[in-house]
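The values are calculated or read from the model by the stated rules, or taken from the named source; none is laboratory data. Everything numeric in this text was worked out from a predicted model, so none of it was measured. Neighbour counts run over all protein chains shown; Cβ positions are idealised from the backbone, glycine included. Ligands, DNA and RNA are excluded from the accessible area calculation, which covers all protein heavy atoms including side chains. Shrake-Rupley method; radii C 1.70, N 1.55, O 1.52, S 1.80 Å.
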Amino acid sequence: MQRFAPAPTHQYDVAVIGAGPAGGCAAATLAAAGWRVALIERTALPRHRVCGEFLSPEAQATLRHLGLQDELAALKPRALTAATLTSRRGATLEMALPGVAWGLSRFALDAALAQAAVARGAELLAETTVTRVHHDDQGATLLLRRSDGEQHLRARAVLMAGGRRSTPKLPPAAPTRPREELFVGLKSHVTGLTMPDRVELFLFAGGYVGVNPVETGAANVCLLVSYAQFARAGRTLPAMFAAIAAQNAAFAHRMQEAHLLAETFCTVAAVDTHRPAAPWVEMACLGDTATMIPPLCGDGMAMALRSAELCAPLAHDYLRGACSLSAWRDRYCECWQAEFTGRLRLGRALQSLLNHPPLADALVASGRFVPRLADYVVRMTRGDQQAAPAQPDGNSTQRARIR
Ligand SMILES: Cc1cc2nc3c(=O)[nH]c(=O)nc-3n(C[C@H](O)[C@H](O)[C@H](O)COP(=O)(O)OP(=O)(O)OC[C@H]3O[C@@H](n4cnc5c(N)ncnc54)[C@H](O)[C@@H]3O)c2cc1C
């Protein structure tokens, strides 16, 4: 077996792995508190990413608490105030959102969060992959792979925010569930649609597709589909759109004038919406690394941001010697479970239900006749829009300021 022989060259207080919403937000917060932060991202930024690009209302509470809302509002996201859900049989349920959501591309969002981190003093190491993390008594040594070779980096604390396929045991973990239970995600921006201020969801056999406007004036069309249905459709995005349009007339109507922007196409494979939760595995796991809520809930980014908000003050206290690593771990896991367990359970139940056409129709119908039921379900799959961060002393009523 190859021995890991660290030869540290760069020293940081915190290494944050991954510059998605969770990593960018955590890096900005800890850099603002004066810590020397390395934000390490495998890809170049900006870049497109598979996502519905629906930033739910509760995400803004986190952005506001962390002083990031103005920088993102400057990107001029499209305000979204409602959602519709259309079943295969054409029944549509309309729901008011419990606040204003944003239609904001990941191309703009992730780059802006990384930029906010840099503006607060973090160092962004883009096109750099962390391939190994070796912990010791003083912190950790990270092995980095770049196009020009390998490097080591030392950090006193490490936050893992590498997304749904990354685990602290790098490189990306192989999926643990059978392929039939996993999904493929696809997205494209399209022009030519005149869209109201809402997100529209359409159900089809083996998945669902969301359409909402984003800040560029285009609309984002993003879907999650089972492997079997993806293969049946022909394994390409245009073929998949055609297959959905053949099943759901409302989607066909919505896409009539759509022109796909090929440069925005992306796909992800092996999406597991039922992965067990793991908020701490050798280090704090943020966002999708800890687990993933079904995209249908449109809450993954809000959870990623919120997990950063929960974790950053605890990391701060650890770094300044006010708590031990085990106290940080215990408190973070406790807050994480309290905040997300119920939402995940309901989100997963909802996804399973909507995968069965007769049940989906029954849900849409009952939501239409009992609108308060639909509002209740929408509210229960999301967090508190005013939620305050965890404090290591257990007082969760204070704001997220790190002093
Ligand atoms: C089809 C689909 C639709 C979705 N729609 C929505 C939606 O509309 N609204 C919503 O809120 N959520 C949505 N989600 C969920 C949302 O995309 C995720 O919850 C969110 O991106 C999680 O953020 P994150 O920061 O944890 O991880 P990510 O956004 O995945 O970011 C992780 C980053 O880490 C980098 N990275 C990974 N490994 C390494 C490594 N070893 N070294 C360095 N860098 C690394 C990656 O390149 C990436 O940039 C959707 C998901 C899917 C699959």
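Rounded, prolate or oblate: which fits the chain, taking a ≥ b ≥ c as square roots of the Cα gyration tensor eigenvalues, rounded meaning a/c under 1.5, else prolate when a/b beats b/c? Since a/c reaches 1.5 and a/b is larger than b/c, the shape of the chain is classed as prolate. The HN-Hα couplings worked out from phi for the stretch 193-206 by the Karplus form 6.51 cos²θ - 1.76 cosθ + 1.60 (θ = phi - 60°) are 9, 9, 10, x, 7, 8, 9, 10, 10, 10, 9, 8, 4, x Hz, whole numbers, x standing for Gly and Pro. Near Arg49, the amide H atoms lying under 5 Å from its own belong to Arg106, Phe107; only residues 5 or more places off or on other chains count, and H is placed 1.01 Å from N.
Axis of helix 371-380 versus longest Cα principal axis of the chain: the two differ by about 20°, to the nearest ten degrees. Considering only alpha-carbon pairs that sit under 8 angstrom and 6 or more positions apart, the relative contact order computed for the stretch 172-313 is 26 percent. Full extension of the segment from Ala231 to Asp137, taken as 0.36 nm per residue of separation minus the current Cα-Cα distance, would add 29.0 nm.
Mean separation of Cα pairs under 8 Å and 6 or more residues apart, divided by the residue count, gives the stretch 283-324 a relative contact order of 36 percent. Scalar couplings 3J(HN,Hα) for the stretch 87-103, obtained by applying the Karplus form with A = 6.51, B = -1.76, C = 1.60 to θ = phi - 60°, are 7, 4, 7, x, 6, 10, 10, 10, 10, 7, 7, x, x, 8, 9, 10, x Hz; x denotes Gly and Pro. Measuring nothing but protein heavy atoms, the accessible surface of the chain at 1.4 Å probe radius is 53 percent carbon and sulfur. Which shape class, rounded, prolate or oblate, goes with the stretch 19-64 when its Cα gyration tensor gives a ≥ b ≥ c as root eigenvalues, a/c under 1.5 marks rounded, and past that a/b bigger than b/c marks prolate? Oblate. Phi angles across the stretch 22-29 convert, under the Karplus curve 6.51 cos²θ - 1.76 cosθ + 1.60 with θ = phi - 60°, into 3J(HN,Hα) values of 5, x, x, 5, 5, 5, 4, 5 Hz, Gly and Pro given as x. When only Cα pairs below 8 angstrom with a gap of at least 6 residues are kept, the chain shows a relative contact order of 22 percent.
Most simply put, the chain has about 70% antiparallel DSSP beta bridges, counting only bridges with both residues inside it. How tilted is helix 300-319 with respect to the longest principal axis of the chain? Cα atoms for both, answer in degrees (0 to 90, nearest 10). Computed tilt is about 10 degrees.
Over the chain, dividing the summed -39,500 (n - 2.57) contributions of all DSSP H runs of at least 4 residues by the number of residues returns a 222 nm mean residue ellipticity of -10500 deg cm²/dmol.
The angle separating the long axis of helix 106-119 from the principal Cα axis of greatest extent in the chain is about 20 degrees.
Scanning the chain for chymotrypsin sites (Phe, Trp or Tyr not before Pro) in DSSP loops with at most 16 other Cβ atoms within 10 Å, what's the longest stretch left with none? With a cap of 16 other Cβ atoms within 10 Å, the longest stretch comes to 5-264. One Cα centroid belongs to the stretch 108-159, the other to the stretch 231-260; the line between them spans 40 Å. Per residue, the accessible area of the chain comes to 42 Å², computed with a 1.4 Å probe over protein heavy atoms only.
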